[in-house]
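One structure below.
Bear in mind these aren't lab numbers, they're just calculated from the coordinates by the rules spelled out. Just so it is clear, the model here is predicted, and its values are computed rather than measured. Note that each Cβ is placed from the backbone with ideal geometry, even for glycine, and that neighbours are counted across all protein chains shown.
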Amino acid sequence: METASTNRPDVSHSPHREETLLPIVDLSSSIGPDFISQLLREQRQLTAVEQFSQVHGNGVPSQAKYYSKLLPATPPGDGQQYAFEVDLDRCSGCKACVTACHSLNGLDDHETWRDVGLLVGGTATKPIMQHVTTACHHCLEPGCMSACPVNAYEKDPVTGIVKHLDDQCFGCQYCTLACPYDVPKYHAGKGIVRKCDMCSDRLAVGEAPACVQACPHEAISIKVVDRQQVIDDAEADHFLPAAPDPQITLPTTRFKTSRVFPRNTLPADYHSVNPQHPHWPLIVMLVLTQLSVGAFIVGLLLESLLDGSSVESFRRLHATSALGFGLLALAASTMHLGRPQYAFRAVLGLGHSWLSREIVAFGIFAGTACLYAAFCWLSPTSSFQPSLGWSVAGTGLLGVFCSIMIYVFTGREFWSFGQTTTKFMLTGAVLGVAATWLSILLFETVADQPTHGLFTSHITFRLAQALIIAMAAKLIFEFSLFRHLFTRRMSPLKRSAQLEIGPLFGATTARFACGVLGGIVMPLFLLNEVTSDRSTAIPRMITVAMLFTACLVGELLERYQFFAACASPRMPGRLNA
Amino acid sequence: MNALLQSVLDIVHQRSGPLTRELLLEPGEFGLGQVPSKSKPNSTTDMVCGYCATGCSLRVHLQDDVATNLTPATEYPVNLGMACPKGWEALTVLNSPERATTPLLRDEAGRLRPVPWEQAISTFVDRFGQIQAAHGAESVAFLSTGQMPTEEMAFLGALAKFGMGMLHGDGNTRQCMATAVVAYKQAFGFDAPPYTYADFEESDVIVLVGSNLCLTHPIMWERVMRNPHSPEIIVIDPRMTETAMNATQHLALTPKSDQSMFYGIARILIEQGWVNSEYIDQSTTGFDEFAKFVTQFTDERVATESGLSVEQIHRFARTIHEGERVSFWWTMGVNQSHQGVRTAQAIINLALMTGNIGRPGTGANSITGQCNAMGSRLFSNTTNLLGGHDFTNPDHREKIAKVLDIDVSRIPSENSLPYHKIMEGILRGKIKGLWVICTNPAHSWINQKQCRDILERLDFLVVQDMYHSTETAQMADLVLPAAGWGEKEGTFINSERRIGVIKKVRRAPGEALSDFNIFRLVANAWGCGDLFAEWSSPAAVFQILKRCSLGQPCDISGIDGYQQIDAAGGIQWPVTTGRDPVEQERRLFEDGRFYHADGRAKFLFDEPRSLPEQTNERYPFLLLTGRGSASQWHTQTRTKQSAVLRKLYPENLILELNRGDADSLGIRPNESVWIESQRGRIMAKAFPTNAVQRGQVFLPMHEEATNELTFAVFDPYSHQPAYKSCAVGVSRFT
């Protein structure tokens, strides 16, 4: 290595520079590997403990002197429970509570159980800005708990704390949709949901929850509240401006303030429209179960148009195909579970959870459908075939009804009974017809019957008509969402409409294009062919396959919008959250 | 049998198990209360935080000497058991994959490639040596920081100036505290913030100027909230901030009209006889001239310039008069201004003329920015010679030469160029080599495009940082990987002059070395290792600095060392030899004596100057910049490394603009907008709000893009950049 001083100028700051030259040091010895490895070794030595031994008492936690006044003096009595109280006058928006909760509960890197939103409003001369710290409200009627299909939530009878049993959770995430406050958080890595338990272990030994301990301004405290008071307050809607309706779950958190919020107080994220998580396995599951149920029903209805000899072989083919789609749907639904190996636990919540009911209903549907399909092959002529077929249809419809109720339960306007029922039922109709059509064409190709050409053209006419009507009705219904764009108020449905023409514009366009193509243009084309009678079987086969695909893709996209464009209720959020 | 039954039942309904155990809490001992089992400590140690100048103490939880978690220290007189989100997440950011773990040298293809330390250091020495040989010793300069321990800053300053012959070196403290430094130096005779944080709790009137304390210093706001006297809180800020929201009087004045307003307040106080003549006579000079000067700041003039009503102004003056313990606090709204020094002194004048200084709950108090801004101000050997001495004073040079046992000729007899002149020197081709340590000018320097253009002109740029990902490191020819806070030792000096200790509780990743050890390496390689023979460890350097400080206002010679500081809960300077430093809260000037030769403080004032860049038809808005949230720090090199902190601030750059302005421009909430100044054009999401006034817009400073717009203008005394006001145009994104 070159000696560094050879080409170095004199670095003395003296006017008589020549007097003070740098000492020439042998560079190779001074920064040789030895010195560097010595420094690297030193860097690895941790000596803080040796040098700075600390003496601490092992009794009462030292922070207790700050937080003891923020805890209730006595535990809750009859008709009472613990609740968070947030003094908004003292919440400055520092968000120390969020990080303290994260650190003191040992959460994973991205995980937070508390959040701080912002309310803004007021006039030009008197604007307001109010930060709001919020976590689980430990509701009297927790949406998460009612929704949970595996009873992984418990509300402590004494403290009222809503606790999540992590080992019981199978990761269906239904609670994340059912909670109006966006409290339960799904942890994809672990395949379960986790949430705030008001640091119940700390409270049990007289310590304050992490957030209470950490707020520099003592804005968060634990109070004992009367349950009746919570109900009364919810009746008068005294919860927090711009927060979801407390009637849904009866949240116990009390936000107190000496300030008067102006009437135009809104969350800082009020105008931000962000697509929600689409839940792809659920999209596939919903669309394919509805297809399957629809196909069974349309198939049964169609049988009256078929002559006796064709019925059995058609039924055999069609039942198998409809069953295939149904089973595919159920397989897809397990992909949605964080821990599918515990899927069997879903029966536990039958008494209260629509998800449990859906799983059970579709379980029975799948069983009956299997039986039905098996009989179609093994004993095609047995007399109870039609009634077995209709019981498949019945259980299927029950399943679809449970699917509908899962979303209706969340109280979101985009998932209202009308919205959801119309969409789910019409999906069943559209795809049921399309799938049946495909079965007919398949049947036509495999079965070597001279008469089939005639009878399929007759059926084609009916199917095309049905498909066009169902699809047109569905598209018009979906399109009618955009009327909300003209409402002045930023209603949840306007938000959905904005999402569809904004961030989700591509999917929206594709959805309508597929719908129009598969459900209207192609059936019209086929109708034209049938009436002019100049088609051959093979191109029609391809056309119907394309029609089916277009309809299916269109419905999948509609269901994608169903999740992604749903404006979820939540607590006031942060700026551009 | 029961066990079997239980395990069958568990399969159906499992109340606990491995997932539940992951979040298990257990008594942490050491006075901690319950802590997560997985990070339960077997020892703890306290150290001061490495972000801002509040200087909170954090109790680090250690498992076999390695930090696993932390909680705020309960008894520390600064933070009293609390911390802001940055402090809580201080350990997380050390784990980032963006940490520099080996030296990186730019290869011929222009890519940064890992090289061994030997090669890195020899390249450093060769390249800087060659530049100095060709262009003179002054052609290599350094940019230091307010984020390193004092011992490292001192080593850097001494090594660069006394060892390597550099003349020019400055710190990023130029961007935050230079104004306060000069204001204090001129007014008090020394850079001496007089207060202690207990003053927040003892005031009955708290005046906050250009400070959003709630977000910028949440723990100081904690102290305000603990004030038992229901204080009047007067917030002087063009914006309605979180702090203004909590004020009893919010004076939303026109940007940079504060100086005129303070002069107007001084006039009212004088006119009404609301001054403390006794104090003025005994402890100040220049009052008569000042009294004469302020007569021109009539109610009408002040009201016109500030946009405030006469009633607001008089109410403010009356509140100061009626207060028994009035404290004035200022931050960047004052410091980062084209006339910051005189504005700060206008505040100081109010404190002096009302005798609100040297008593509990009073003071003209600059709230510092960085964790060790004060250490940098006193010991970085940049603007002043080690220990608050003067390079141009031969006695001071002699003293320091003797303390360091070096030839006095090694100490430059002239002052270093300030930051912006160093940049100008590069532009003019006088400075060819630059060593940037622990700061990120390519993001933070005003008029960013020009700054980057200037940095690109360098023959050799060395960046020494924890992260290889900083905007400046990405431009470097050589990156030296540094250990960060928590991975090294030393002391910080906080805003209230309190010295606190940092400790080594984590192993630095890869081959990263503490800045201190990098300086040792450079000293040896440069051939001046002998000069720094005594500089063997931060603790040893602390002893050197004690000797440097002897006899200065910032005398710390009475402190033994780190153990004493640690045990005492931090120690405020001064601590002269023999003084018992046990009092935890001390303020300066209790005897009414200041550091000028005559023992008096000076009234200093100037005619206010209008904004250097006025708004016009094309750029009709005034751009204000500032802290965006409590979870972001400066250029975010560290805070963006924590997933939790990232969640706590906006994902996009947000432009706050007045609702009326948004309406007239047809800008809807959350819409993308262009913001354009003469320097550049950037995009942001619009947030129409009444919190900013018409004709003004606000951008957080943490986003890289913001400084593309700012206008490089500087205070004439402190040379601090005026980040807070430039003219911009706003338009819909098309």
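Charging the Cβ of each Asp and Glu at -1 and of each Lys and Arg at +1, and nothing else, the dipole of the stretch B:315-379 about its Cα centre rounds to 60 debye. Please report how far the C-alpha centroid of the stretch B:31-96 lies from that of the stretch B:662-734, rounded to the nearest whole angstrom. Centre-to-centre (Cα) distance: 37 Å.
Candidates B:343, B:231, B:246 compared by Cα position along the dipole of the stretch B:207-366: farthest toward the positive end lies B:246, with charges placed on Cβ. Taking the Cα centre of each part, how many Å lie between the stretch B:225-295 and the stretch A:107-138? What the calculation gives is 33 Å, centre to centre. The spacing between the stretch A:228-299 and the stretch A:454-519, judged by their C-alpha centroids, is 25 Å. The alpha carbons of chain A stretch over 114, 79, 55 Å along the principal axes, in descending order.
For the stretch B:317-399, which GluC sites (Glu not before Pro) pass both filters: DSSP loop (anything but H, G, I, E, B) and at most 14 other C-beta atoms within 10 Å? Here the GluC sites (Glu not before Pro) that fit, given the DSSP loop and packing criteria, are B:324.
P(r) tail for the stretch B:386-442: Cα pairs beyond 13 Å make up 68% of the total.
Database remark: amide H of residue B:385 closer than 5 angstrom to the amide H of B:390, B:391 (H placed geometrically; neighbours at sequence offset of 5 or more, or on other chains; Pro and chain starts carry no H). Beta bridges per DSSP, both residues in the protein assembly as shown: antiparallel share near 60 percent.
Coupling constants for the stretch B:398-403 follow from the phi torsions by the Karplus curve (6.51 cos²θ - 1.76 cosθ + 1.60, θ = phi - 60°), and in residue order they are 4, 4, 5, 4, 5, 4 Hz; glycine and proline get x.
Averaged over the residues of peptide B:485-494, the number of Cβ atoms from other protein chains lying within 10 Å of each residue's Cβ is 1. 3J(HN,Hα) couplings calculated from phi for the stretch B:280-286 with the Karplus curve 6.51 cos²θ - 1.76 cosθ + 1.60 (θ = phi - 60°) are, in sequence order, 4, 5, 7, 10, 9, 10, x Hz; Gly and Pro show x.
Dipole magnitude for chain A: computed about the Cα centre from +1 point charges on Lys and Arg Cβ and -1 point charges on Asp and Glu Cβ, it is near 1180 debye. Under 5 Å between amide hydrogens, built in the peptide plane, is the criterion, and for residue B:490 it picks out B:502 among residues at least 5 positions away or on other chains. Bridging of residue B:449 to lysines at a Cα separation below 21 Å is possible for B:421, B:430, B:432, B:724, once same-chain residues fewer than 8 apart are set aside. Among the residues of B:221-231, the average count of other protein chain beta-carbon atoms within 10 Å of the residue beta-carbon is 2. By the equivalent-ellipsoid construction on the alpha carbon gyration tensor, the stretch B:13-105 comes out with semi-axes of 26, 21, 12 Å, ordered largest to smallest. Taking the average, over residues, of other Cβ atoms within 10 Å as the packing measure, peptides A:352-363, A:404-415 rank A:352-363, A:404-415 from highest down. Couplings 3J(HN,Hα) for the stretch A:357-368, derived from phi with the Karplus relation 6.51 cos²θ - 1.76 cosθ + 1.60 (θ = phi - 60°), are 4, 4, 4, 5, 4, 6, x, 5, 4, 4, x, 4 Hz, where x marks Gly and Pro. Cross-link check: pairs A:65/A:155; B:402/B:546; B:399/B:546; B:38/B:488 evaluated at a Cα-Cα cut-off of 18 Å; pairs beyond the cut-off: A:65/A:155; B:38/B:488. Near the amide H of residue B:102, within less than 5 Å, lie the amide hydrogens of B:511, all on another chain or at least 5 residues away, with H placed in the peptide plane.
Sorted on the mean count of surrounding Cβ atoms within 10 Å across their residues, most packed first, peptides A:95-104, B:605-614 read A:95-104, B:605-614.
Working ranking of peptides B:411-419, A:301-309, A:153-161 by packing, defined as the average number of other Cβ atoms within 10 Å per residue, highest first, is B:411-419, A:153-161, A:301-309. Shielding of peptide B:82-92 by partners, expressed as the average count of other chain Cβ atoms within 10 Å per residue Cβ, is 6. Length, then width, then depth: along the principal axes, the Cα atoms of the stretch B:48-151 run 56, 29, 24 Å. Magnitude of the charge dipole for the stretch B:1-103, about its Cα centre and with charges confined to Cβ atoms of Lys, Arg (+1) and Asp, Glu (-1), is about 180 debye. From its DSSP helices (H runs of at least four residues, each -39,500 (n - 2.57)), chain A gives a residue-normalised ellipticity at 222 nm of -16000 deg cm²/dmol. Residue B:488: net charge of surrounding residues, Cβ under 9 Å, Lys/Arg +1, Asp/Glu -1, itself excluded? Neighbour charge sum, excluding residue B:488 itself: -2. Write down the percent of antiparallel bridges among all DSSP beta bridges whose residues are both part of chain A, to the nearest 5. Looking only at bridges with both residues in chain A, the antiparallel portion is about 90 percent. Here the Kirkwood formula puts the hydrodynamic radius of chain B at 26.6 Å, using every distinct Cα pair. Rounded to the nearest 500, the helix-only mean residue ellipticity at 222 nm of chain B stands at -8500 deg cm²/dmol, with each DSSP H run of n ≥ 4 adding -39,500 (n - 2.57).
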